Amino acid sequence: MNTNAIREQFPILHQEINGHPLVYLDSAASSQKPRSVIDAVKRYYELDNANVHRGVHTLGSRATDAYEGAREKVAKLLNAGAPEQIIFTRGTTTALNLVASSYARSECGEGDEIVITPMEHHSNLIPWQQAAKATGATLKYIPLQPDGSIAIEDVEKTITPRTKVVSVTFVSNVLGVINPIKDIAQIAHRNGAVMVVDGAQSTPHMKVDLQDLDVDFYAFSGHKMCGPTGIGALFGKKALLNKMEPIEYGGEMIDFVDLYESTWKEIPYRFEGGTPIIAGAVGLGAAIDFLNEIGFDEIDQHERRLAAYAYEKLSSLDGISIYGPKQNRVGLVTFNLEDVHPHDVATVLDSKGVAIRAGHHCCQPLMRWLNVSATARASFYLYNTEEDIDRLADALLQTKEFFGHAIG
């Protein structure tokens, strides 16, 4: 993979921050956008801007073709089968809320169980808390191993015949751990439960095959995979989606409206009320084209090399604690610098042109499990290099120096 050629396609990377060339290491929060995606959105607004599924004029037809074409690209990307099993949403959070509010609240009751893990992002935790409260179901957690990974024997012990829903992140946005989703799904199905997957941190970085994983619902966000903000998707198996009621009502999602009763369109449209995120879908389709051209196997291998390099580089510094397993991790490293708050670390790094994340990363229960209030996180994508990690390490040494620590 020619990383330098790829970097040339990202205009935002070619600038200075505080007098230093930008090193962007916050792609787990939101990735940068290549010129082809920016141009696709611009082109839509300049040439094709119209509402979809409604008008018979040329602009409306072109907009509809672009919007539905993006749905087909998502289905093909995930090997999801029929495109109507793809629902466009604002992102992973909206998609998971849809499953928790529509499916879980109708299928769960007193004595039932919803199973998640302590590593979940708040968007895959709070909706299930609320669903459990609304239905009387019990919320249960698969315990974590000391390195933050999941052991299959713990999955077997936690999921029971009373379990109705299992919802697990494919990749932790803090630990970088890749969870055994296919194995968990098999255990869930064996016990009669549906399997929901938070794919926010997996979809941008690796090849995802939903037919092979055999999960029931899968959610992801476009802005983490070179696409625009405010667009994402939910995959759901057709039989399950057909059972679900919409949770938003209005135009476009209806079949027939009378004064006192209404009926809904077929899937996926019953879940896409109002004017959809058309430009976002167009941009997401362009992002998928861009990533497919590079190849997800290439992206995956590149990021794993960077993660291993960063793990070793940062481990060699005195006073650094790194969280998560050393092996089987995606392209991020979460760490703390001894006696320095992560926000202070991020502030000093920013003064050196190095952008990282600091805070609880929307994972407060996981922070408590790690026995910390917050962490710093450097996350990598296809446009990052070993030189970026060297800049990070040098800036951390300068941070230690700034706060009066001995240089390791």
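Table: residues versus (1) outside any loop (DSSP other than H, G, I, E, B); (2) basic (Lys, Arg); (3) in contact with a Lys or Arg (Cβ under 9 Å, 6 or more places away or on another chain).
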{"position": "ALA307", "(1), (2), (3)": "yes, no, yes"}
{"position": "LEU314", "(1), (2), (3)": "yes, no, no"}
{"position": "LYS326", "(1), (2), (3)": "no, yes, no"}
{"position": "VAL333", "(1), (2), (3)": "yes, no, yes"}
{"position": "ASN336", "(1), (2), (3)": "yes, no, no"}
| remark: Selection from the range 38-62 of residues open to solvent by less than 20 Å² (accessible area, probe 1.4 Å) and in a loop (DSSP other than H, G, I, E, B) yields ALA50, VAL52
| query | Only one of these conditions is not met by ASN173: (1) within 22 Å of ASN242 (Cα to Cα); (2) surrounded by 23 or more Cβ atoms within 10 Å (Cβ to Cβ); (3) out of contact with any strand residue (DSSP E or B) (no Cβ under 7 Å at 6 or more places or on another chain); (4) polar (S, T, N, Q). Which number is it? | reply | (1)
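Here's the yes/no breakdown for (1) surrounded by fewer than 17 Cβ atoms within 10 Å (Cβ to Cβ); (2) modelled with pLDDT under 95; (3) farther than 18 Å from VAL282 by Cβ; (4) β-branched (Val, Ile, Thr):
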site	(1), (2), (3), (4)
ASP26	no, no, yes, no
SER36	yes, no, no, no
THR64	no, no, no, yes
VAL74	no, no, no, yes
ASN79	yes, no, yes, no
| said: Between GLY359, GLY353, which is over 18 Å from the mean Cα position of the chain (by Cα), closer than 27 Å to MET225 by Cβ and not polar (S, T, N, Q)? | reply: GLY353
| How many residues are in a strand (DSSP E or B), open to solvent by less than 30 Å² (accessible area, probe 1.4 Å) and not aliphatic (A, V, I, L, M) if we restrict to the range 348-368? | 1
| Among LEU144, LEU98, which is the only one that is out of contact with any Asp or Glu (no Cβ under 7 Å at 6 or more places or on another chain), over 15 Å from PHE217 (Cα atoms) and in the same structural domain as GLY227 (by TED's automatic domain parsing)? | LEU144
| remark: Counted residues in the range 95-144 being of a type in the set (Gly, Ala, Ser) and surrounded by fewer than 16 Cβ atoms within 10 Å (Cβ to Cβ) come to 5
| task | Specify which of the listed residues (ASN328, ASN371) is free of Cβ contacts under 8 Å to residues at least 40 places away in the same chain and either surrounded by fewer than 15 Cβ atoms within 10 Å (Cβ to Cβ) or not aromatic (Phe, Trp, Tyr) (or both). | result | ASN371
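The values are calculated or read from the model by the stated rules, or taken from the named source; none is laboratory data. Remember, predicted model here, so these are calculated numbers, not experimental data. Because the Cβ atoms are built from the backbone with ideal geometry, glycine has one as well, and the counts that use them run over all protein chains shown. SASA here: full protein model, heavy atoms, side chains in, ligands and nucleic acids out. Shrake-Rupley method; radii C 1.70, N 1.55, O 1.52, S 1.80 Å.
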